[in-house]
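Values quoted throughout were computed directly from the atomic coordinates according to the rules given, and no laboratory measurement underlies them. Just so we're clear, the structure is a prediction, and the values are computed from it rather than from any experiment. Glycine gets a Cβ as well: all are built from the backbone with ideal geometry, and neighbour counts include every protein chain shown.
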Amino acid sequence: MRLAAAELVESREILPGQWLQSFHAPEMAIGCRAGQFVHVKTGDDSGMILRRPFSINTADPISGIITIHFRVIGRGTGWFTRLRAGDHVEMLGPLGRPFEVDPRSRHLLLIAGGLGVAGVRMLADEALRDGRQVTLLFGAASSREVYPSSLLPDEIEYVVATDDGSIGHHGYVTELVADYESWADQAFACGPTPMLGALAKLASSRRQRLGVAKLGRKRGGGKHDAIGSPAARRKAFLQVAMEQNMGCAVGACLGCVVMSVTGTPQRVCREGPVFAAEELVWDGAWS
Ligand SMILES: Cc1cc2nc3c(=O)[nH]c(=O)nc-3n(C[C@H](O)[C@H](O)[C@H](O)COP(=O)(O)OP(=O)(O)OC[C@H]3O[C@@H](n4cnc5c(N)ncnc54)[C@H](O)[C@@H]3O)c2cc1C
Ligand code: FES
């Protein structure tokens, strides 16, 4: 984890109220992994004390550029949109635990709800670089909020669902999963908690016959891996990136906990944000 003065290189509104910003932050770009996040300080004139957490959307270790993709929610994200190229922000990161891909996985299914695409976007780059096949299932309310395919690598299969049917599948993105579950070795999701909960339920009911479950059984037999361990994530069919409200983002304030199936609270900023879906309680124990 490092503290860096990141220089804004480019800032543009890619969808109504959604911004893509590129920062020169070589300290972050080198060594960060998909699923991790940065905690960014707003300016002294903003009157805000807490930093804002953002997924690392993409990272290029050669140019030293990382990007974040965010929706304007309140004062913090509004402040970011007023930054200009050449401005600097104080960035803490990379933070949290990354997605874990089993070395034998060939087919990765990424599932994103809305801004959740920022949570899985970098995994597409990593997977393609490692010679894997990637399908991204993306869900949004309407065509106005669909992530532009021009911002995705050409090699990935991109399938869209919209709630109003204005483009792609008419319905929830979760309804697309059944078509891919036998193809996928592993699945990785980020988005609203109800969507992640629905996916977790789906995955647990099919655990015995999903591709990654077979990989897990071959590799570890009946052995149980510690909650939060890389091995537990690697063996899971579904890994989820959580976005709880955060205070410190370094494990001190306990403001970001979710509940594990063993009853041990898990800090999203330290034990997460990526968890094996089966490690968490999904029945409303937290929100
Ligand atoms: C690990 C992680 C990764 C995230 N990645 C992204 C991303 O890539 N793109 C994106 O658009 N958003 C992301 N978020 C959510 C983003 O941090 C909030 O939307 C943002 O902090 C809102 O700040 P604000 O000042 O504009 O809103 P306000 O409502 O004024 O924020 C008030 C406080 O609540 C916190 N907060 C509000 N909403 C959220 C939320 N949904 N999650 C976490 N904290 C929140 C803020 O940090 C702040 O402390 C992520 C959150 C987490 C925890
Ligand atoms: S945000 Fe403080 S412990 Fe996670």
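Structural remarks
- Every pair of residues 6+ apart whose Cβ atoms lie under 8 Å, when the first sits in region 63-78 and is farther than 22 Å from residue 120 by Cβ while the second is within 6 Å of ligand 1 (Cβ to nearest atom): 76/50; 76/52
- For region 230-287, a residue qualifies if it is in contact with a strand residue (DSSP E or B) (Cβ under 9 Å, 6 or more places away or on another chain), more than 15 Å from ligand 1 (Cβ to nearest atom) and free of Cβ contacts under 8 Å to residues at least 40 places away in the same chain, and the qualifying residues are 259, 260, 261, 265, 281, 285.
- Condition check for residue 86: assigned to a strand (DSSP E or B), small (Gly, Ala, Ser) and on the phi > 0 side of the Ramachandran plot: no
- Any hit, region 133-143, residues being within 25 Å of residue 277 (Cα to Cα), within 13 Å of the chain's Cα centre (by Cα), within 16 Å of ligand 1 (Cβ to nearest atom) and not in a strand (DSSP E or B): no
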